[in-house]
Amino acid sequence: MASLKDLRNRIASVKATQKITKAMQMVAAAKLRRAQSAAEAARPYSQRMDAVMANIANAVGDSAGAPKLLAGTGSDKQHLLIVCTAERGLCGGFNSSIARLARLKARELIASGKQVQILPVGKKGADVLKSEFSDIMMKTVDLREVKHVGYENAADIAKTVLDMFADDRFDVATLFYSEFKSVISQIPTAQQIIPPQIPEMDADAEAGGTIYDYEPDETKILDDLLPRNVAVQIFRALLENSASEQGARMSAMDNATRNAGEMIDKLTLTFNRQRQAKITTELIEIIAGAEAL
Amino acid sequence: MADTFTFELVSPEKLMLSGAAEIVTVPAVEGDMGVLSNHAPVMTSLRPGLVSVKMADGDETEYFVKGGFADITPDAVTVLAEFAIPRGELTSEMMAGQRKAAEEAMNAEKDENRKADHQSYLDQLTHFEETHL
């Protein structure tokens with residue numbers, strides 16, 4: 001049985017840990033607020049982008065002249081998986097759940113004879129996937145120095161991806177990230193970005209039936225729009241991810257703080273019992289000694 | 001009072017401006033385009049330049065935008081810009097940085113057709129810089 005001194009030390013160390021997790025929770029809460037508002041602020045752009053995309057894609061239709069970025073290369077042999085995770089750990093199942101989704105997808109594709117490449121964004125996901133897929137991993141995109149994810153970061157990643165596409169190094173690109181639903185719920189999501197899934201026009205918009213004039217013309221605009229759409233989708237994923245990461249960290253740290261509290265209670269109880277036992281033993285010894293005289 | 005329409009200027013980071021406007025001028029690729037209410041639906045890409053807006057309450061503002069689209073419908077104009085800042089915050093250092101980036105992108109490009117696109121983009125930037133700064 002642990003001595004009183006051991007117990008006292010343990011209580012002190014658990015208390016110190018609790019202070020750290022508590023502080024981390026509060027930091028995550030503050031960062032979450034910022035990340036959430038950034039994600040919300042970026043929403044109008046991607047929504048409008050979707051609307052414009054849907055509009056134009058429907059206008060151009062499935063005509064043979066549609067650019068490859070929209071219609072696909074016509075094969076689905078080579079896949080690129082862009083896996084966005086966090087740069088830091090201690091955020092519950094956040095990184096591992098995204099990595100798990102990506103791993104399942106990669107295994108499935110490999111099993112059906114496709115070629116797979118993985119572009120990890122963020123160190124943590126790369127670490128997890130390295131053990132199984134080290135030969136098909138590309139260089140990790142490092143965002144550790146980046147405090148607030150900006151559009152430029154997404155544009156850089158998009159450029160890498162588009163250059164690869166231009167070199168025919170993949171046919172289909174899928175983006176993995178965690179969608180932020182709430183502090184307690186983040187959903188790992190896979191989204192195909194090349195060729196993009198065009199949102200169906202809702203009935204209202206179609207009824208409006210506006211026929212656009214295009215300047216210079218549809219294909220030119222589409223050429224410009226499609227690469228940009230890739231960047232926007234990646235940007236959105238990064239923002240969702242950073243909000244999710246902070247949310248996951250916040251709830252993980254909240255749990256840790258509570259567990260530490262429970263542990264302290266338990267240890268304190270044991271400590272008090274032992275102190276009592278010791279006092280009782282001492283008393284018995286004194287009484288026994290006195291009686292013996 | 002003239003008819004108004006909804007004007008929105010959105011950059012990837014945020015919604016920069018939203019409200020009822022009387023007239024908007026957008027720097028379309030084939031020349032500046034003044035838009036009033038009930039304009040025919042047009043979709044155009046933008047060259048680097050100034051978007052100027054006269055809001056319904058009489059406020060006039062100008063924004064520098066770079067890369068993007070304008071989606072014009074009879075009752076709304078939406079400018080989707082890759083980069084947008086208020087005119088007042090635009091400095092010549094910022095422009096120089098932009099131009100340098102554009103030059104680098106052009107030099108890195110191998111495809112001749114794409115190179116021409118970069119070149120014309122660069123020309124537009126330079127022209128803007130000469131005329132406005």
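The values are calculated or read from the model by the stated rules, or taken from the named source; none is laboratory data. The structure presented is a predicted model; accordingly, all values stated were derived computationally and were not measured. With ideal geometry, Cβ positions are generated from the backbone for all residues, glycine too; neighbour counts draw on all protein chains shown. Quick note on the areas: whole protein, heavy atoms, side chains included, nothing else; ligands and nucleic acids left out. Shrake-Rupley method; radii C 1.70, N 1.55, O 1.52, S 1.80 Å.
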ask   = Does residue B:128 satisfy being out of contact with any Cys (no Cβ under 7 Å at 6 or more places or on another chain), open to solvent by less than 40 Å² (accessible area, probe 1.4 Å), within 14 Å of chain A (Cβ to nearest Cβ) and among the aromatic types (Phe, Trp, Tyr)?
value = no
query = On the given criteria, is residue B:20 more than 14 Å from chain A (Cβ to nearest Cβ) and at pLDDT below 85?
reply = no
ask   = How about segment B:40-82: which of its residues are surrounded by fewer than 18 Cβ atoms within 10 Å (Cβ to Cβ), in contact (Cβ under 8 Å) with a residue 24 or more places away in the chain, within 11 Å of chain A (Cβ to nearest Cβ) and not aliphatic (A, V, I, L, M)?
value = B:41, B:74, B:75
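For every residue, the table says whether it meets (1) aliphatic (A, V, I, L, M); (2) in contact (Cβ under 8 Å) with a residue 40 or more places away in the chain; (3) within 11 Å of chain B (Cβ to nearest Cβ); (4) in a loop (DSSP other than H, G, I, E, B).
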residue	(1), (2), (3), (4)
A:15	no, yes, no, no
A:18	no, yes, no, no
A:25	no, yes, no, no
A:32	yes, yes, no, no
A:38	yes, yes, yes, no
A:48	no, no, yes, no
key: Number of positions in segment B:104-125 that are surrounded by 15 or more Cβ atoms within 10 Å (Cβ to Cβ) and touching a residue at least 12 places away in the same chain (Cβ under 8 Å)   = 7
request  = Evaluate the following for residue A:118: is it surrounded by 15 or more Cβ atoms within 10 Å (Cβ to Cβ), within 14 Å of chain B (Cβ to nearest Cβ) and on the phi < 0 side of the Ramachandran plot?
outcome  = no
Subset of segment A:80-102 [surrounded by fewer than 21 Cβ atoms within 10 Å (Cβ to Cβ) and either at pLDDT 90 or above or on the phi < 0 side of the Ramachandran plot (or both)] = A:87, A:88, A:89, A:93, A:96, A:97, A:100, A:101
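Look through segment A:166-178, keep the residues that are in contact (Cβ under 8 Å) with a residue 40 or more places away in the chain and more than 24 Å from residue A:241 (Cα to Cα), and return whichever of them is most open to solvent (accessible area, probe 1.4 Å).
Only one residue fits best here, namely A:169.
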